[in-house]
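The values are calculated or read from the model by the stated rules, or taken from the named source; none is laboratory data. The structure presented is a predicted model; accordingly, all values stated were derived computationally and were not measured. Ideal geometry is used to build each Cβ from the backbone, glycine not excepted, and the neighbour counts take in all protein chains shown. Just the protein is used for accessible areas: all its heavy atoms, side chains included, with ligands, DNA and RNA removed. Shrake-Rupley method; radii C 1.70, N 1.55, O 1.52, S 1.80 Å.
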Amino acid sequence: MAPLDPHSFTDSTHTLTTHIALSLYFDFPSATIHGAALFTLSSPHSGPLCLDTRSLSIHRVLSPSTLSPLPYSLSPFCDPIKGTHLSLSLPNDVALSSFLITFSTSPSSSALQWLSPPQTFNKKHPFVYTQCQSIHARSVFPCQDTPAARIRYSALLNVPRELSAVMSARHVDRRLPVSGEGYSNLLPNGFNSLWCSETRVVEEFDMNQPIPPYLFAFAVGELGFREVGPRTRVYSEAADGVLEAAAKEFAGTEDMIRQGEKLFGDYEWERFDLLVLPPSFPYGGMENPRMVFLTPTVIKGDASGAQVVAHELAHSWTGNLITNKNNEHFWLNEGFTTYAERRIVEAVQGEDRAVLSIGIGWRGLNDEIKRFQDNLEFTKLKTNQEGVDPDTFYSQVPYEKGFQFLWCIERQIGRPAFDEFLKKYIATFKFKSIDTETFLDFLKANAPGIEKEIDLVLWTEGTGIPPDAYEPVSNLYTKIVSLANEFKLGRMPREDEVADWQGQEWELYLENLPKVVEASQVFALDARYRLSESNDYEVKVAFLQLAILSKCRDFYGEVEKTLKEVGRMKYVRPLYTALVQGIGKEEEKILAKRVFAEARDCYHPIAQGVVESIFAKHL
Ligand code: BES
Ligand code: ZN
């Protein structure tokens, strides 16, 4: 066995899959998908072939031409991180270049969140969506679930006719089901009649560009949309209020796509649609190609919502075109994207906004390095992730240290040269999955002598923050940081000083306060600026974290409300952590356990797992 990726059973000596044709029957009452998948290999293969699965029932493995069964086995144990290993045995006499698997997901499939009608906005219809990054695609269909194995795919989604579907793929058709299509007659339990029932429709999709499996995505529900640009629609549950607000918030998207093209080369994915998900969506945004997924918490009417879109858009070049080979090189995705996001923000919102965002990131990076002081491996850019669950160790280090590394190179060679370098890097490696060494070799070849100016090994393999990292400067940034320092001496900002602050100014201010302050100071700050009631969750959560750590119990009602309203891990993780970490916090621990028991069903399975791991560490 020659592993390619610490998070996958894929064997580097086996042939890789190049295309998967999926037929998926969505059974909402049982929260199950019944599927058939036709795999095409890059060349004919005999003997063992390893696939990743998690929470899947495998029904049959067949030769597609003869429909004769092929032997397979499932590992008897489920690896807590990698899941269950499906080993096929392809015939030795005639090497096959395709095979067929029928399977069903289970209600606990980690990529899928199934929402019952009462959990949705309109309360009328159910909803389901995926979140496959980092290693959850294997809980939707069996696959070589490593970004090193790029796949094209096509999909037939059979859904109740009152619902519609979107995917990270080109929408081909919405039509009546056809008997026997896509091996649907092989699905379990007489599925052909169910597949063709008059209550169902088929939504057909095609993705003909090779993507890493973590970019596979769909959502099914009662969806509506608004046009916001020539290649952009915003989709969400068909509720007027949400769609109107979203359309307004994202009106500047086309402008950002054009800036991206100027900086990084053509936009290769044809469409750039946005899908606003229910509040349980575990991330701020997810860069699914052609259809970015977003939390509704980004809709707040200031500059920061567009920044999340800028980030996911930037992934169209860095992450989706050039992809990290495995999660150990995750900084290649997120560090580059954070850099690219800020270049787009600088172009459309101005330098002050970009510097503010760099400043928030700088503070965040410094806090993360402290958080990992007993686990320095996670302060490196290139990390060893053997036995590591990427969801548990998600952090800002790859984003912000990665950003700092690229910013340092930009300062060294100058912006014009760095812009040229980036364009060439993207053109050279597009549609490839690469590692840190490949990037460094390309850098040294294209910026000769760079290794004498910047310690590339220290940056990529060293722990902590290298000395040539850089805290940003601007009048606004410096003013906010110094106001935060004055708070420590007992001075609160005056109303005229904060009059034109948006959410990000408050976020930076709060991040720069000490972690624990006098309870009376917390009350005074809230009495004046009502941060606990802010409708900007970045501000509200930063404030509530300060309140919990400063033991201001009056705010616990607001903490509970927040934890029950949103499932974005950026908010859920720090609030639960603040409640349960440390000694002598019985009341907080009881509160955390009760709130989680009550809110659990509303969280995406990935967020449920993350809260459970916080509890396992501290309770
Ligand atoms: N690709 C990430 C989200 C992700 C990372 C999902 C790792 C699963 C595993 C996405 O592009 C991202 O970084 N989202 C950020 C947005 C922010 C940096 C603007 C988020 O969700 O907070
Ligand atoms: Zn990202």
How far is helix 556-565 tilted off the main Cα axis of the chain, in degrees rounded to 10, range 0 to 90? 30
Given Cα positions, please report Rg to Rh for the stretch 92-197, the hydrodynamic radius being the Kirkwood one. 0.98
Between the stretch 347-374 and the stretch 24-101, the Cα center-to-center distance that results, in Å: 44
Among the aspartates and glutamates, which have Cα under 20 Å from the Cα of Lys593 when same-chain residues fewer than 8 positions away are ignored? Asp554, Glu558, Glu560, Glu565, Asp601, Glu612
Near Lys124, which aspartates and glutamates are there with a Cα under 12 Å away, not counting those fewer than 8 places off in the same chain? Glu162, Glu222, Glu237
Student exercise, the stretch 430-567 dipole from Lys, Arg, Asp, Glu Cβ charges, in Debye to nearest 20: 320
For Lys432, counting only lysines whose alpha-carbon sits under 30 Å away and dropping same-chain residues fewer than eight positions off, the answer is Lys82, Lys262, Lys325, Lys380, Lys382, Lys401, Lys423, Lys424, Lys444, Lys452, Lys570
Out of residues 5 or more away from Leu70 or on other chains, whose amide H comes under 5 Å of its own, with H placed 1.01 Å from N in the peptide plane? Val61, Leu62, Ser63
Bin width 5 Å, origin at 0, all Cα-Cα pairs of the stretch 265-419: what percent of pairs per bin? 2, 9, 16, 21, 22, 17, 9, 3, 1, 0
Estimated dipole of the stretch 132-258 in Debye, rounded to 20 [Cβ of Lys and Arg +1, of Asp and Glu -1, Cα centre]: 400
Give the angle, between 0 and 90 degrees and rounded to the nearest 10, that separates the Cα long axis of helix 519-529 from the longest principal axis of the Cα atoms of the chain. 80
Cβ charges +1 (Lys, Arg) and -1 (Asp, Glu), total dipole of the stretch 342-484, debye: 500
Quick one: Kirkwood hydrodynamic radius for the chain, alpha-carbon pairs, angstrom, one decimal? 25.4
Stokes-Einstein at 10 °C, 1.306 mPa s, Kirkwood radius from Cα pairs: D for the stretch 61-135 in µm² s⁻¹? 101
Helix 303-314 against the longest principal axis of the chain: what's the angle in degrees, Cα atoms only, rounded to the nearest 10? 40
Under the definition of Cα pairs under 8 Å and six or more residues apart, what whole-number percent is the relative contact order of the chain? 11
Rounded to the nearest 500, the 222 nm mean residue ellipticity computed for the chain from DSSP H runs (n ≥ 4, each -39500 (n - 2.57)) alone is -11500 deg cm²/dmol
From largest accessible area down, sort Asp145, Asp500; use a 1.4 Å probe on the protein chains. Asp500, Asp145
